[in-house]
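Below is one structure; the comments refer to it alone.
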Amino acid sequence: MGEYRIGVDVGGTKVAYGLFDGQNHLLDRYEHPSPLDIDGPGISDLVIGGIRQVAERNRLKLEDLEGVGVCMPSYILFDEGYIFLTSALTNIRDFAMGPYLEARLPGVAVVLDNDSNCAALAEHRYGAGRGCRDLVYMSVSTGLGSGLILNGELFRGSYGWAGETGHMLITPDQGLECGCRNKGCFMSWSSGRFFPEHARAMGRKYPTAMDLEAGVNGRTLLEACKAGDPAAMAVLEQSAYYIGLCVYNIWQVLNVKTYVFGGGLVHFGDMLFDRVRAVFDRYNHVDVPVDFKTAQLKQDFGIMGAAELARRR
């Protein structure tokens, strides 16, 4: 068994790979787009190709790998490496991805986990959550979710997907349908995946210079917000409101005082998170410290957390 590990971060827009040595140094990084209509075997074959490419260009063989960790935006039966559904890539469902990868990567131990769990693990060990006994990592990006560190350990729950807080229902059966197959979850009201629909709705109520027909993403929404576009600001306010409510509900359930925010929407900075904090404070009537932090590991948190899954215990 080798000393190298590869962490793979499968997201709604791209797949990233990181090669790490025994001292956790990032030696190589590679990424490619995620096809939105891809299914389980399809994404697995892409991942296998990416793993082999990273190994080959670093002159490594599969036997040089301690293991491979893969994080997915999915409901995963952790012990079996089985994906029930994936909200950001909806055709990846009902698929034993872990065994599929191991069968095609002979001799390589593969561990599959939820992306927010991996991010929580990375930030707890190497980032903004170092030294915290308990923390909630909040992924605010294409999707919305969380990873839970309780008593210094990653908490997965009974089956593996504890922390899917973005799919908690806030307006049941009302609003947009999410990849979780429900309408009215926090993710459907606040995440980047649904910005185009919400921008079109706000564009019917407020003036806007956004190109609603071309579609709105995080980058274009941020530019419009900086310009003070009324419809864009309404989308931002809505997103902040539901993220703030989600954090407040987690606070009530877990009583964890540290929240680390990571993902693409952190680029909105104070414009978004001051509003998130204001919503949280509006409903929190207990005067004790509650810390909101920004993730420190930037774009590498996914591959770092995935690589931690493959670390020999």
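The values are calculated or read from the model by the stated rules, or taken from the named source; none is laboratory data. On a predicted model such as this, the values are computed, not experimentally measured, just so you know. Glycine gets a Cβ as well: all are built from the backbone with ideal geometry, and neighbour counts include every protein chain shown. Areas reflect the complete protein model, heavy atoms only, side chains present, ligands, DNA and RNA absent. Shrake-Rupley method; radii C 1.70, N 1.55, O 1.52, S 1.80 Å.
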So, first residue part of a loop (DSSP other than H, G, I, E, B) in the range 187-215, second residue basic (Lys, Arg), Cβ within less than 6 Å, six or more apart or across chains; the pairs are Leu212/Arg200
Just to be sure before I move on: is Gly264 touching a residue at least 60 places away in the same chain (Cβ under 8 Å) and either open to solvent by 10 Å² or more (accessible area, probe 1.4 Å) or more than 24 Å from Lys14 (Cα to Cα) (or both) in the structure I sent? yes
Residue in the range 262-285 that is among the acidic types (Asp, Glu) and touching a Leu at 6+ places or on another chain (Cβ under 7 Å) present: no
Give the residues of the range 93-126 that are part of a strand (DSSP E or B) and among the β-branched types (Val, Ile, Thr), sorted by residue number. Val110, Val111
State the number of residues belonging to the range 54-73 that are touching a residue at least 12 places away in the same chain (Cβ under 8 Å), open to solvent by 20 Å² or more (accessible area, probe 1.4 Å) and assigned to a helix (DSSP H, G or I). 4
Out of the strands (runs of 3 or more DSSP E) lying entirely within the range 127-184, which hold 2 or more residues that are surrounded by 22 or more Cβ atoms within 10 Å (Cβ to Cβ) and touching a residue at least 60 places away in the same chain (Cβ under 8 Å)? 135-140, 144-150
Give me a count of the residues in the range 254-264 that are under 11 Å from the mean Cα position of the chain (by Cα) and modelled with pLDDT of 95 or more. 1
Being out of contact with any Pro (no Cβ under 9 Å at 6 or more places or on another chain), within 25 Å of Gly81 (Cα to Cα) and aromatic (Phe, Trp, Tyr): is that true of Trp189 here? no
Has the range 101-108 got at least one residue that is crowded, with 17+ Cβ neighbours inside 10 Å and over 17 Å from Pro41 (Cα atoms)? yes
Checked the range 116-126 for anything open to solvent by less than 40 Å² (accessible area, probe 1.4 Å) and charged (D, E, K, R); matches are Glu123
May I ask you to list the residues in the range 18-53 that are of a type in the set (Val, Ile, Thr) and not in a helix (DSSP H, G or I)? Ile38
Return the residues of the range 278-297 that are surrounded by 15 or more Cβ atoms within 10 Å (Cβ to Cβ), under 21 Å from Gly127 (Cα atoms) and out of contact with any Lys or Arg (no Cβ under 7 Å at 6 or more places or on another chain); say none if nothing qualifies. Lys293, Ala295, Gln296, Leu297
Every listed condition ((1) buried (at least 18 other Cβ atoms within 10 Å of the Cβ); (2) free of Cβ contacts under 8 Å to residues at least 40 places away in the same chain) holds for Val253 save (1)
Taking the range 68-93, which residues are out of contact with any Leu (no Cβ under 8 Å at 6 or more places or on another chain) and more than 18 Å from Val15 (Cα to Cα)? Leu77, Asp79, Glu80, Tyr82
